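Step one of this worksheet: look at the structure below.
The values are calculated or read from the model by the stated rules, or taken from the named source; none is laboratory data. Note that this is a predicted model, so its numbers are computed, not measured. Every residue, glycine as well, gets a Cβ built from its backbone with ideal geometry; the counts of neighbours run over all protein chains shown. All accessible areas refer to the heavy atoms of the entire protein, side chains included, with ligands and DNA or RNA removed. Shrake-Rupley method; radii C 1.70, N 1.55, O 1.52, S 1.80 Å.
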Amino acid sequence: MSGFQISTLTPTEERLWHAYPTGALVDLRSGPDDGPGQATSWPCTRDIRAEVIAALLTGSGPDANGGAGIKLAGVRVVGRLTLAYTKVPYALDFEHCCFDDGLDLTEAETRSVRLRGCSLTVLEANRAEIRGELQMEGCRLNRLSLYAARVFEIEIIGTTITAPPPEPPDADADWIPPRTAINGDLLVVDTAMYCHDVVVDGQFRLPGARIGGYLHLDGARITHEEPNRPPTPALLAQGLRVDTGIFARRGNTRAKNPFTVIGGVDLSGATIKGGFMLPDADLVDDRGKTALHADHISVEGGVNLSGVTASGAVRLNSARVVGPLTLSGARLDTLDASGARVEGAMFCNEGFTAHSLDLRRARTATFEDDAASWPVNLRLDGFVYDELMPLPMAEARLPWLARDAFQPQPYEQLAARWGATTSLGGCCWLSSGGDVRRRACRRKHGAFSRTQRSDMGIGRGWPGCGCWACSPPDRYTSRPTTPHRWARAARTSTPSPTPSTCWCP
């Protein structure tokens, strides 16, 4: 036994001892459906002590060749399997096994770790280096901890992770930790991370993580509800970096479940290359605040939120999107895209609904919507677009602008873009279509005398009511001048008889 002394090996342990050098499978199942669900009825002949497995993997067992490894099926592992701070040169493969007290790989260096249909309390792999895949398929556990770990590839499919109930909060504590199911803070994945059809009850953490390939969350369901504690998002991924895209589509099972998060998603400051795709996702903030927090996110490849249902605000404040931003068919409470930069088209049509839409200081190449999708509350001041689709008669857009409190910039922007795509300027329709708001503006600021209107150039190519909003733009600042300022300028210079835009509301 090469220096490892065990007083007595059971027949099952001795069978594993002899199978280890060649990596042969030790299968104790009575049938294909014999798994951890029936572990309470398993005889003791299916028990293997964790210390025996650890001894084999740390070099205390028989001499092994390159094909050595642990391959167990239908076994109860008694005690915690502790491989912390060790170097394990062989793979671990467990199928339909039941762990009494979990698996500890803290700061270990190992090859692939595969768990299929297993039941365990916890998998600890903080600061571990796994030079292969970490596979968990159809497993049940209470916590997965990968803090600052480095893994070649992660594949979690059909697994249920349920964090234990929180301990009673300490009244003197300054910070109350959340109920964490997956801890991936500062995790590094060399290739891809697949989390298909997983069910997570507790917080899923990926802040500061780096994923060199895809992040797949197809069909995942993440729930984090702690009514008596400060709110924390169910999926926390601040500063996440993904090099080939995030995909959270419908699942691969027969039910085709959508990606669902109850408790909110926080991706603020994330950097995503390859696209951010959440079609038909269901995002719920149980406290009615923020369902998706993606302020300052940077995405190359476009963002697809078509068909998303969000109970709570969707925040894309100061986001940068290279590619299209698709919101077609999305059903939102509030969309805050103020300061966003979309280097592509922005689609808010085909059933898009939102009670409030904030596009202040946002910019996009093309903005496409339809009248049925106009929100009740709209904020457009500073919104810049190169093209507005569809392109109806300009008068049809006046009710769209009227949903926001009056600001001159949205009218100037619409007049400039409509005039650039037609043979007519924007002043004609602004002068005729904006009569209602113009009269209201005149009542607010008062009418000017004929002499004042003549001094300000009104009647000589400057249509408008005579208030500050109708004054022609300053030739240096491109802003409307006040009546008195323009009156002084009119005595020393002659304005152009045909303005390019009209500031009239």
Original post:
On the given criteria, is Thr12 over 16 Å from Arg116 (Cα atoms) and touching a helix residue (DSSP H, G or I) at 6+ places or on another chain (Cβ under 9 Å)?
Top reply: yes
Original post:
Taking into account only those residues within region 345-362 that are touching a helix residue (DSSP H, G or I) at 6+ places or on another chain (Cβ under 6 Å) and not aromatic (Phe, Trp, Tyr), which is surrounded by the fewest Cβ atoms within 10 Å (Cβ to Cβ)?
Top reply: Asn349
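Residues checked against (1) within 39 Å of the chain's Cα centre (by Cα); (2) open to solvent by 20 Å² or more (accessible area, probe 1.4 Å); (3) closer than 29 Å to Ala149 by Cβ:
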position: Leu9; (1), (2), (3): no, yes, no
position: Leu28; (1), (2), (3): no, yes, no
position: Gly31; (1), (2), (3): no, yes, no
position: Asp63; (1), (2), (3): no, yes, no
position: Gly69; (1), (2), (3): yes, no, yes
position: Val78; (1), (2), (3): no, yes, yes
position: Asp93; (1), (2), (3): yes, yes, yes
position: Asp101; (1), (2), (3): yes, yes, yes
Original post:
Considering only strands (runs of 3 or more DSSP E) fully contained in region 52-122, which possess at least 1 residues that are at pLDDT below 95?
Top reply: 69-73, 91-95
**OP:** Can you tell me which residue among Asp266, Asp197 is within 18 Å of Asp286 (Cα to Cα) and either among the charged types (D, E, K, R) or surrounded by fewer than 18 Cβ atoms within 10 Å (Cβ to Cβ) (or both)?
**Re:** Asp266
**OP:** Among the residues of region 278-291, write down those that are open to solvent by 40 Å² or more (accessible area, probe 1.4 Å) and at pLDDT 95 or above.
**Re:** Asp280, Asp282
Original post:
For Leu215, all conditions in the list (1) without any contact (Cβ under 8 Å) to a residue 40 or more places away in the chain; (2) closer than 25 Å to Thr121 by Cβ; (3) open to solvent by less than 20 Å² (accessible area, probe 1.4 Å) hold save one; what is the number of the exception?
Top reply: (2)
**OP:** Only residues that are modelled with pLDDT of 95 or more, charged (D, E, K, R) and open to solvent by 30 Å² or more (accessible area, probe 1.4 Å): list them for region 295-344, please.
**Re:** Glu300, Arg315, Arg320, Arg331, Arg341, Glu343
Subject >> Selection status of Arg241, out of contact with any Phe, Trp or Tyr (no Cβ under 9 Å at 6 or more places or on another chain), at pLDDT below 95 and not aromatic (Phe, Trp, Tyr) >> reply: no
**OP:** Output yes when any residue across region 37-54 is over 19 Å from Thr10 (Cα atoms) and under 36 Å from the mean Cα position of the chain (by Cα), and no when none is.
**Re:** yes
Original post:
Of the residues that sit in region 6-21 and are modelled with pLDDT of 90 or more and β-branched (Val, Ile, Thr), which one is nearest to Gly66 (Cα to Cα)?
Top reply: Thr12
**OP:** Can you tell me which residue among Thr223, Thr232 is among the polar types (S, T, N, Q) and surrounded by fewer than 19 Cβ atoms within 10 Å (Cβ to Cβ)?
**Re:** Thr232
Original post:
So which strands (runs of 3 or more DSSP E) stay within region 347-420 end to end and still have 1 or more residues that are small (Gly, Ala, Ser), in contact with a Phe, Trp or Tyr (Cβ under 9 Å, 6 or more places away or on another chain) and at pLDDT 90 or above?
Top reply: 363-369
Original post:
How do the pairs read when you match residues in region 136-155 that are more than 17 Å from Phe99 (Cβ to Cβ) and buried (at least 20 other Cβ atoms within 10 Å of the Cβ) with residues anywhere that are modelled with pLDDT of 95 or more and among the basic types (Lys, Arg), using Cβ under 8 Å and keeping only pairs 6 or more apart or on different chains?
Top reply: Ala149/Arg127
Original post:
What are the pairs, 6+ residues apart or on separate chains, where a residue within region 373-402 that is within 14 Å of Arg417 (Cα to Cα) and among the β-branched types (Val, Ile, Thr) has its Cβ under 9 Å from a residue that is open to solvent by 40 Å² or more (accessible area, probe 1.4 Å) and not in a helix (DSSP H, G or I)?
Top reply: Val384/Arg361; Val384/Arg363
